[in-house]
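Below is one structure, written out as structure tokens; comments come after it.
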Amino acid sequence: MTNLFSVFDPSAIFGISLNWVSTFLGLLMIPSIYWLMPSRLNIFWNSILLTLHKEFKTLLGPSGHNGSTFIFISLFSLILFNNFMGLFPYIFTSTSHLTLTLTLALPLWLSFIVYGWINHTQHMFAHLVPQGTPAILMPFMVCIETISNIIRPGTLAVRLTANMIAGHLLLTLLGNTGPSMSYMLVSFLLIGQIALLVLESAVAMIQSYVFAVLSTLYSSEVN
């Protein structure tokens, strides 16, 4: 019997695994639109990037004026592209693996922490104890805040991976039940799959936005 999670397993062609190549297809496709004549898609995408730039600049505060928002916009674009690529048949879903999501989250979090403790040590110590905390609870709050800071890259990575896996599993379950159903029920199954695919498209956008916003907030806390 085939394992349900086998849809997430990387496959090899002639002994060579090309699954992760799909992660970088956006580097070939997205820049090409800037060499073409302006289109509705180009204008729409540019308006999204401009809106994100303004929002991230507000979250970052004064540090957002020196171009630091572009790293989070690039992060959003990369995750969004890979989330949508995973919705197409026979394309490897790289964001459903912790190999990619943790690779994106851990270096960002580590760089923020190292930068904050080196350049804003007093602020980082003050951040461990929220304002107005009773003296008797301060040791517990330090432990709680320390643990919450340590698990941040894990929560970022697991949140994105879990949401991608959940939607793909539902689509796989619905697809596997199709051959054993009557013709009347297959029509309802198709409607359900289309609705779930639309929902997964929304999840792909929301999760990429959440990942980028939380990374921006973590960066703003060390300034």
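The values are calculated or read from the model by the stated rules, or taken from the named source; none is laboratory data. If you're wondering where the values come from, they're calculated on a predicted model, not measured in any experiment. We place every Cβ from the backbone using ideal geometry, glycine too, and count neighbours over all the protein chains shown. SASA here: full protein model, heavy atoms, side chains in, ligands and nucleic acids out. Shrake-Rupley method; radii C 1.70, N 1.55, O 1.52, S 1.80 Å.
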Among the residues of segment 199-223 satisfying the criterion of being surrounded by fewer than 19 Cβ atoms within 10 Å (Cβ to Cβ) and over 18 Å from the mean Cα position of the chain (by Cα), which is nearest to Leu52 (Cα to Cα)?
Ser220
For segment 77-113, enumerate the residues that are buried (at least 18 other Cβ atoms within 10 Å of the Cβ), under 18 Å from Ala202 (Cα atoms) and aliphatic (A, V, I, L, M).
Leu78, Ile79, Leu80, Met85
In segment 116-134, what residues are out of contact with any helix residue (DSSP H, G or I) (no Cβ under 7 Å at 6 or more places or on another chain), assigned to a helix (DSSP H, G or I) and open to solvent by 80 Å² or more (accessible area, probe 1.4 Å)?
Ile118, Asn119, Gln122, Phe125
Out of segment 82-97, which residues are under 13 Å from Val21 (Cβ atoms) and either under 15 Å from the mean Cα position of the chain (by Cα) or not aliphatic (A, V, I, L, M) (or both)?
Asn82, Met85, Phe92, Ser94
Checked Leu128, Leu156 against criteria (at pLDDT 85 or above and either among the basic types (Lys, Arg) or under 25 Å from Leu217 (Cβ atoms) (or both)); the one match is Leu156
